[in-house]
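Below is one structure, written out as structure tokens, with a few remarks after it.
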Number of protein chains: 2
Amino acid sequence: MAGRENQRKGLTYKDAGVDIDKAARALGEMKDKILATHIPGVLHELGSFGGIFDLEKAGAGKGVLVASTDGVGTKVRVAQRMRVYDTVGRDLANHCVNDILVQGARPLFFLDYVAMGSLEPPVLQGLVEGLVLGCRDNGMALLGGETAEMPGLYQQGDFDLVGTIVGYVPGGKVITGEEIRPGDKVLALPSSGLHTNGYSLAQKVLFAVAGLRPEDRARGLEGTVGEALLAVHRSYLHAVFPLLEKFHVHGMAHITGGGIPDNLPRILPAGCKARIDAGAIPRPAIFDLILEIGGISMEEAYRVFNMGFGFLLVVPPGEEEALARDLRKRGEEVFPCGEIVEGEKGVDLSF
Amino acid sequence: MAGRENQRKGLTYKDAGVDIDKAARALGEMKDKILATHIPGVLHELGSFGGIFDLEKAGAGKGVLVASTDGVGTKVRVAQRMRVYDTVGRDLANHCVNDILVQGARPLFFLDYVAMGSLEPPVLQGLVEGLVLGCRDNGMALLGGETAEMPGLYQQGDFDLVGTIVGYVPGGKVITGEEIRPGDKVLALPSSGLHTNGYSLAQKVLFAVAGLRPEDRARGLEGTVGEALLAVHRSYLHAVFPLLEKFHVHGMAHITGGGIPDNLPRILPAGCKARIDAGAIPRPAIFDLILEIGGISMEEAYRVFNMGFGFLLVVPPGEEEALARDLRKRGEEVFPCGEIVEGEKGVDLSF
């Protein structure tokens, strides 16, 4: 056996690139912030094997659960490049909140997974700080998480971030889209930018093709390219949830990977086609910049990016205006952008 | 803007290394297998934004939830190297099941996250196959998941695998360890090998230092080095759950990262120290191989690896023998390995 001479040296876990105490210390310093996310219902103390949650104590005794897992894609690389670590956690929390909101669910708790090539406490703490902010903004508990130091799989400085949300639908009234009918109207809530999709293409275009740096300014952008790319994924919880009690919302779609053409059909019943006017919503300047430099076709762009459409609401024709008024009264922008017609399930997008 | 000449070419998401249709097709072929995990309680159809779960329909209406997120660490690299993709999913499911079992929880549902540098359908399908097997073995639903193609962050062929479990504690009787008293006995259920911890050190020792290849044989191992490393993380659900109704189990610990010294104290009340005899359980040969080649100290080894101790049960002194008999009658191996004594919270490990 070749390595016998190493016997005197005595290999340790640290020699293999893993320092489990470092992670524990870094997270220990975040304890109070994590505890501040603990809404009624959280029963465990930090450090237990699993996070314990009492639905009745959280006021969610009667309802069904909705759960979803997601990451923020290669947006982590922009964060890494800019050394800004406290926004991707908010992105992730908000993304997950929106993914269950479309079914009428309110968030209850969230668990995270952070993987790094080499554990850097300030990076880990920045990421957790963002997760804590995202959880608090949406009134959910950061119930648990895992920190993995994986040398070799992730390069030095690289990290990935994954989140899982569990929420509940009050009274069990899940919104599936099955009530959507021809004649229904579609309303759009604007995105803040790319949210968490299309970052591989965006970075290829802006950094590799155009040779821009995150700190550069470019036509149309208010701040730098990096700032535009890191704009936090919006949570639509506070805008949308109050609507669900007052109006008959037939369906909702969160526009993520696959864009409008992939996401809106997920809630359409058979025989319902959506006609969407792409021009109905002002497009954040970052999209035009990427499209122009990359020479990206409109068809491609609308499948990769949200193109300004963050979240869609499908409502019966009579309720469209009152619902929009309600949103605007609460300071929310909303744009009528299309309707449901008879036809094969899918989306007709006019540019 | 440098890249203007690319306008004619027209960049696509595929050019940036992301093919969203490929993932959808690969998962579409797994649909029936995923549906086969759907225990009563699952309400959604595949492709919905979030997975929907009705606790009452699953017989879990009265109880509290326990949730946990984990990965399988750099065991993914062994799987990749051996091109065996259907075991790490089982590892992950079983690991998560054990992590909530220690609190008295039964699994309900599971969500996965698979990230890859470049999406290879057979790899993705193998991983999902393993997750499906792991979910079925433990009677839980594979409720949702996310597949992320992240060129640049993960190298070609590399992948990471993350899982989140949600279970419930019948009647809300969470086992915290607070009933543990001096005089209690500790029983160990054997591990099948490294389970999912210590792989960075194990690979460094066996592959980098000793120059072994996964297909090599080595002293003491029944199969190859790779086979020993890939041995599936055991689920203790079916061994342990029946005990919880018949006996007063005061506490349980799943021995993962940090070993016995980090995991057992997580359930000990103040004033309780555990005395554990490391020699009480037969040690799988892979550990001796790694320790010998790496010259790893016993102290270090017991913090990095489980060293044969998969799962610990702490029971009142009167019940130890009946509980062991019950396990053995059901074909389970169990080893008395120590006791609780008065002292500062911690573990005295004798080698």
Next on the checklist: Every residue in segment A:197-218 that is part of a helix (DSSP H, G or I) and at the interface with chain B (Cβ under 7 Å from one of its Cβ atoms), please.
Outcome noted: A:200, A:201, A:204, A:205, A:209
Item to check | Output for segment B:123-142, where each listed residue is over 21 Å from residue A:197 (Cα atoms) and either charged (D, E, K, R) or over 18 Å from the mean Cα position of the chain (by Cα) (or both) | outcome: B:123, B:125, B:129, B:136, B:137
Item to check | Pair list, Cβ < 8 Å and 6+ apart or interchain, from segment B:39-57 residues that are within 20 Å of residue A:255 (Cβ to Cβ) to residues that are among the charged types (D, E, K, R) and crowded, with 20+ Cβ neighbours inside 10 Å | outcome: B:49/A:99; B:50/A:99
Checklist entry - Yes or no: residue A:164 in a strand (DSSP E or B), modelled with pLDDT under 95 and touching a strand residue (DSSP E or B) at 6+ places or on another chain (Cβ under 9 Å)? => result no
Next on the checklist: For segment A:16-28, give me the residue count where each residue is at positive phi and charged (D, E, K, R).
Outcome noted: 0
Next on the checklist: Let me confirm something: among A:242, A:269, which residue is in a helix (DSSP H, G or I) and surrounded by fewer than 22 Cβ atoms within 10 Å (Cβ to Cβ)?
Outcome noted: A:242
Checklist entry - So which residues in segment A:149-161 are assigned to a strand (DSSP E or B) and either more than 9 Å from every other protein chain (Cβ to nearest Cβ) or buried (at least 24 other Cβ atoms within 10 Å of the Cβ) (or both)? => result A:149, A:159, A:160, A:161
Next on the checklist: Out of B:31, B:62, B:75, I need the residue that is without any contact (Cβ under 8 Å) to a residue 40 or more places away in the chain, outside the structural domain of residue B:238 (by TED's automatic domain parsing), at negative phi and among the charged types (D, E, K, R). Which one?
Outcome noted: B:31
Item to check | Selection status of residue A:213, more than 29 Å from residue A:276 (Cβ to Cβ), out of contact with any strand residue (DSSP E or B) (no Cβ under 8 Å at 6 or more places or on another chain) and basic (Lys, Arg) | outcome: yes
Next on the checklist: Going by what's in this entry, would residue A:279 be described as touching a residue at least 40 places away in the same chain (Cβ under 8 Å), within 30 Å of residue A:212 (Cβ to Cβ) and more than 14 Å from chain B (Cβ to nearest Cβ)?
Outcome noted: yes
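Being in contact with a strand residue (DSSP E or B) (Cβ under 9 Å, 6 or more places away or on another chain) and either more than 30 Å from residue A:209 (Cβ to Cβ) or modelled with pLDDT of 90 or more (or both) narrows it down to one residue among B:64, B:78; which is it?
B:64
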Next on the checklist: Just to be sure before I move on: is residue A:268 more than 16 Å from residue A:191 (Cα to Cα) and in the same structural domain as residue A:208 (by TED's automatic domain parsing) in the structure I sent?
Outcome noted: yes
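Scan segment A:289-328 residue by residue and report those that are of a type in the set (Gly, Ala, Ser) and within 15 Å of residue A:240 (Cα to Cα).
Here is the first cut: in segment A:289-328, the residues of a type in the set (Gly, Ala, Ser) are A:294-295, A:297, A:301, A:308, A:310, A:318, A:322, A:324.
Result: A:310, A:322, A:324.
Suppose we filter A:187, A:161, A:133, A:124 for residues that are of a type in the set (A, V, I, L, M) and touching a Pro at 6+ places or on another chain (Cβ under 6 Å); which single one remains?
Only one candidate passes the filter, namely A:187.
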Checklist entry - Residues B:270, B:231: which one is in contact with a Gly (Cβ under 9 Å, 6 or more places away or on another chain) and hydrophobic (A, V, I, L, M, F, W, C)? => result B:231
Checklist entry - Can you name every residue in segment A:17-26 that is in contact with a strand residue (DSSP E or B) (Cβ under 9 Å, 6 or more places away or on another chain), part of a helix (DSSP H, G or I) and either of a type in the set (D, E, K, R) or not assigned by TED's automatic domain parsing to the domain that holds residue A:125 (or both)? => result A:22
Checklist entry - Just one of B:260, B:286, B:290, B:276 is more than 20 Å from the chain's Cα centre (by Cα), crowded, with 17+ Cβ neighbours inside 10 Å and in a helix (DSSP H, G or I); which is it? => result B:290
Checklist entry - From the set of residues in segment B:323-344 that are without any contact (Cβ under 8 Å) to a residue 40 or more places away in the chain and outside any loop (DSSP other than H, G, I, E, B), which is surrounded by the fewest Cβ atoms within 10 Å (Cβ to Cβ)? => result B:329
Item to check | segment A:50-76, subset assigned to a loop (DSSP other than H, G, I, E, B) and under 29 Å from residue B:153 (Cβ atoms), residue farthest from the other protein chains (Cβ to nearest Cβ) | outcome: A:72
Checklist outcome for this item: Those residues of segment B:301-318 which are farther than 16 Å from residue B:236 by Cβ and buried (at least 20 other Cβ atoms within 10 Å of the Cβ) amount to B:301, B:302, B:303, B:304, B:305, B:307
Checklist entry - Since residue A:87 meets every condition but one in (1) modelled with pLDDT of 95 or more; (2) within 13 Å of chain B (Cβ to nearest Cβ); (3) within 25 Å of residue A:305 (Cα to Cα), which condition does it not meet? => result (2)
Next on the checklist: Please go through (1) within 14 Å of another protein chain (Cβ to nearest Cβ); (2) in a loop (DSSP other than H, G, I, E, B); (3) over 30 Å from residue B:321 (Cα atoms); (4) under 22 Å from the mean Cα position of the chain (by Cα) for residue B:175 and return the number of the only condition it doesn't satisfy.
Outcome noted: (3)
Checklist entry - Restricted to segment B:108-141, and to residues that are within 11 Å of chain A (Cβ to nearest Cβ) and closer than 27 Å to residue A:52 by Cα, which residue is surrounded by the most Cβ atoms within 10 Å (Cβ to Cβ)? => result B:110
Checklist entry - Which pairs do you get when a residue that is of a type in the set (D, E, K, R), found in segment B:162-182, comes within reach of a residue that is surrounded by fewer than 21 Cβ atoms within 10 Å (Cβ to Cβ), reach meaning Cβ atoms under 6 angstrom, with the pair 6+ apart or on two chains? => result B:178/B:269
Next on the checklist: For segment A:219-236: of the residues being among the hydrophobic types (A, V, I, L, M, F, W, C) and part of a loop (DSSP other than H, G, I, E, B), which is nearest to residue A:282 (Cα to Cα)?
Outcome noted: A:221
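The values are calculated or read from the model by the stated rules, or taken from the named source; none is laboratory data. Note that the structure is a prediction, hence the values are computed from the model and not measured. Glycine also receives a Cβ, built like all others from the backbone with ideal geometry; neighbour counts cover every protein chain displayed.
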